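> First the structure, which I've put down as structure tokens, then a few questions once you've had a look.
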Amino acid sequence: MRASARTVVSAPIETVWSIVSDPERALSFMSGVTRWEVESDEPTGLGARYRMLLRVGSAEVGGLIEIVEWDAPRDLAWNSVTGVDQRGRWRLRPAPGGRTQAEIRLAYGVAGSGIAGWLAERLAGPAVSGHLKTTVRQLARLVEHERTRDLAAQRRAARAG
Amino acid sequence: MADTGVAGQAASNGHVASDEHTSNGKAGSSLLSRALREVAQQAQRRIPRADLDERDPDFIRERLPLMWMLASLWYRGEVRGLGNIPDSGPVLLVGNHSGGNMTPDTLVFTLAFNTYFGVERAFYQLAHNLVLSMPGLGSLRKFGTVAAAPSNARKALESGAALLVYPGGDYEVHRPSWERNRVDFDGRQGFIRLALDADVPIVPVVSIGGQETALFLSRGERLARLLALDRMFRLKVLPISIALPWGLNVGDMLGHIPLPAKITVETLPPIDLRAEFGPEPDLDEVYAHLMRLMQETLDALAAERRLPVIG
């Protein structure tokens, strides 16, 4: 099953990238995520590993994931190593007016689980896409709020100077 | 396939027996006890020896979607505090459970544990001998279910696995529905000895909702004694309930269709027995402490609940 959500954030692409690529901040904007822990020596970059969990229905599902694509500040993709099969991606693109289009995609399933797996994937669909929609909304709010504060701080500094 | 009759026979014997005994007293009991003894021997032979290697992570992983659907849609399961379980190393999970022979708490918790820690983490559950010798339930062994015996439990903990035990056993799951919000281990303290011997922490697991999946009327302890079920099958009870699809359900040997009661499970912080109760902990003291802790948690969960079944 695949799910995705996108939004346009009123901030430059580098700012958005700095948030989505930071494992420390995943819990602060990713909806339904109950765990996002660094499991590798390097916290970011190609080959970084995280243990993540997403609440879907009565279980927290996920497992160990590995970053398989790291193209700053545009693309970030991960694959599952253990747990539920998943492939996820953050896709950032510049939008007119110094803004950024941010999209999150997630393909998931449990290979080999037959009809029950097929059905469960579909039943989980609304919950998963709901989480992704909330995630991009929360990302936009977080980034825009921080940007407002940064700009205000710059103005304050300019007045003081 | 030839053995499939055994459980059916056991179950129908249970039904017939109870009817006879409630109406005619002891008539026909010698023939009956002979038949029961025969079934008991059959069942004994079927009890699998514990082989921890039978646990099969791939098998579990492929069953998780079905369990997830059952737990999420039928029981609206909710498991809290899994983060309280130490991330690695052996641990004894001690739970209360409910729901007759179809214990939804086990399903909901096993699913949650396996998705939270991953099927790679060794996780075993102790179950009644009869459960494992039931035809058709052999696949439970692939889930890591082993027959409830102290040696099996010790072996699992020594291998560094997480082990789930329900000390209340059949005594607890068949308590009447009006005692649904009571933790009842029947005074059994073996699990404390087990934790001390293996020197592992105890994590209490408290669940609510299971006793609302049918109307449980009586454990039928006197009936079980009368039929000598306790000596032959380690069955101290011959429960009587009103359950789907049977109506009056005596013995619950074939199981039943549980009502979709909401199941909530709360995992409590680990207890290091020697750190808390000294180098030689007093079993009664530990038991009383655990009972109080689990009962208080269950009371809190019960206070949250507004309606039976619905939750």
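The values are calculated or read from the model by the stated rules, or taken from the named source; none is laboratory data. All values derive from a computational prediction rather than experimental measurement. Cβ atoms come from the backbone with ideal geometry, glycine included; neighbour counts cover every protein chain shown.
> Scan the range B:49-108 for residues that are within 13 Å of chain A (Cβ to nearest Cβ) and small (G, A, S) and jot them down.
B:A71, B:S72, B:G77, B:G81, B:G83, B:S88
> Could you check the range A:103-114 and list, in sequence order, the residues that are under 18 Å from A:N79 (Cβ atoms) and either of a type in the set (A, V, I, L, M) or within 7 Å of chain B (Cβ to nearest Cβ) (or both)?
Of everything in the range A:103-114, those that are under 18 Å from A:N79 (Cβ atoms) and either of a type in the set (A, V, I, L, M) or within 7 Å of chain B (Cβ to nearest Cβ) (or both) turn out to be A:I104, A:L106, A:A107, A:V110, A:A111, A:G112.
> Now a separate question. Check whether at least one residue in the range B:173-187 is closer than 30 Å to B:P281 by Cβ, assigned to a loop (DSSP other than H, G, I, E, B) and aromatic (F, W, Y), and report yes or no.
Looking through the range B:173-187, at least one residue is closer than 30 Å to B:P281 by Cβ, assigned to a loop (DSSP other than H, G, I, E, B) and aromatic (F, W, Y).
> Next question. For the range A:47-61, which residues satisfy the criterion of being of a type in the set (S, T, Y) and either surrounded by fewer than 19 Cβ atoms within 10 Å (Cβ to Cβ) or more than 9 Å from every other protein chain (Cβ to nearest Cβ) (or both)?
A:Y50
> Another question about this same structure. Could you count how many residues in the range B:274-305 are under 19 Å from B:R182 (Cβ atoms) and either among the β-branched types (V, I, T) or without any contact (Cβ under 8 Å) to a residue 40 or more places away in the chain (or both)?
Here is the first cut: in the range B:274-305, the ones under 19 Å from B:R182 (Cβ atoms) are B:287-305.
After this cut, where a residue has to be either among the β-branched types (V, I, T) or without any contact (Cβ under 8 Å) to a residue 40 or more places away in the chain (or both) as well, the list is B:288-289, B:292, B:296-297, B:300, B:303.
Counting residues in the range B:274-305 that are under 19 Å from B:R182 (Cβ atoms) and either among the β-branched types (V, I, T) or without any contact (Cβ under 8 Å) to a residue 40 or more places away in the chain (or both) gives 7.
> Separate question: Among the residues of the range A:115-125, are any under 20 Å from A:P23 (Cβ atoms) and more than 10 Å from chain B (Cβ to nearest Cβ)?
Taking every residue of the range A:115-125 in turn, none turns out to be under 20 Å from A:P23 (Cβ atoms) and more than 10 Å from chain B (Cβ to nearest Cβ).
> Would you confirm whether any residue within the range B:291-307 is in contact with a Leu (Cβ under 7 Å, 6 or more places away or on another chain), of a type in the set (A, V, I, L, M) and either in a strand (DSSP E or B) or farther than 29 Å from A:G57 by Cα (or both)?
Looking for residues that are in contact with a Leu (Cβ under 7 Å, 6 or more places away or on another chain), of a type in the set (A, V, I, L, M) and either in a strand (DSSP E or B) or farther than 29 Å from A:G57 by Cα (or both), one finds none in the range B:291-307, hence no.
> If A:V128 satisfies all but one of (1) over 17 Å from A:M30 (Cα atoms); (2) within 14 Å of chain B (Cβ to nearest Cβ); (3) of a type in the set (V, I, T), what's the number of the condition it fails?
The one condition A:V128 does not meet is (1).
> Another question, if that's okay. Being among the small types (G, A, S), surrounded by 17 or more Cβ atoms within 10 Å (Cβ to Cβ) and without any contact (Cβ under 8 Å) to a residue 40 or more places away in the chain is the filter here; which residues of the range A:108-150 pass it?
A:S113, A:A116, A:G117, A:A120 - these are the residues of the range A:108-150 that are among the small types (G, A, S), surrounded by 17 or more Cβ atoms within 10 Å (Cβ to Cβ) and without any contact (Cβ under 8 Å) to a residue 40 or more places away in the chain.
> Which members of the range B:208-225 meet the condition of being at pLDDT 90 or above, of a type outside the set (S, T, N, Q) and part of a helix (DSSP H, G or I)?
Result: B:G210, B:E212.
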